[in-house]
Amino acid sequence: MSETSDHTHPTHNLDSLDEEQCLQLAVKAILNSPLCQDIQPELTIQAATHIYNVKCGTLTNRLSGMKTWKEAHAHECLLSEAQEDVLAEWAKTLGHCGFPGMLDMLGEYASEIAGKKVGINWPQKFMESHPELKIKKTAPLEQYQAQSLNPTVVTEFYEMLKDLIDEYTSGKRDLS
């Protein structure tokens, strides 16, 4: 992830990056910028804000060593980032196994991990902060079986079965 030598055109597509990633690139570009003879960075903060589409105040604060909002408020979170990752993976695993994800179940598991009860809105907020997770409604298996059992499907099945039987019996193969 390097920028061109003149710092005016980053070599990657900034549209695909989130605000924090653009901010980190801007900080890196300024810190790695060669110095001019008058000891001023070649890439100014103002130029970096335009190139990387970040706010001037935020970039200045970050260059001064200020933490990100997420880092500064990490102590206020019920679960650590690693614990949230475990919870998200657990939810994905349940989904892959065919179990529906339910908010109350997510809240109960989070409470177990945290060692204290989560608030009523915590599971929904967790889902919002993890867009890769989705809750899908499930229907009973019988409903899907009934929907797939229609005359067209049944006819196609028996035609396929007949073709298979014909194939194996025409080659004088024994089906037993």
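The values are calculated or read from the model by the stated rules, or taken from the named source; none is laboratory data. Source: prediction; values computed, not measured. Here the Cβ is made from the backbone with ideal geometry for all residues, glycine too, and neighbour counts use every protein chain on show.
Pairs only if they're at least six apart or on different chains, beta carbon under 6 angstrom, first in the stretch 41-60 and over 11 Å from V27 (Cβ atoms), second among the hydrophobic types (A, V, I, L, M, F, W, C) and assigned to a loop (DSSP other than H, G, I, E, B); list them, first residue then second.
E42/C36
So, in the stretch 81-101, of the ones that are exposed (fewer than 13 other Cβ atoms within 10 Å of the Cβ) and not in a helix (DSSP H, G or I), which residue ends up modelled with the lowest pLDDT?
By that ranking, first place goes to P100.
Every residue in the stretch 108-123 that is in contact (Cβ under 8 Å) with a residue 40 or more places away in the chain and either part of a helix (DSSP H, G or I) or of a type outside the set (V, I, T) (or both), please.
Start the filter on the stretch 108-123 by keeping residues that are in contact (Cβ under 8 Å) with a residue 40 or more places away in the chain, which leaves 118, 122.
W122, the sole residue that qualifies.
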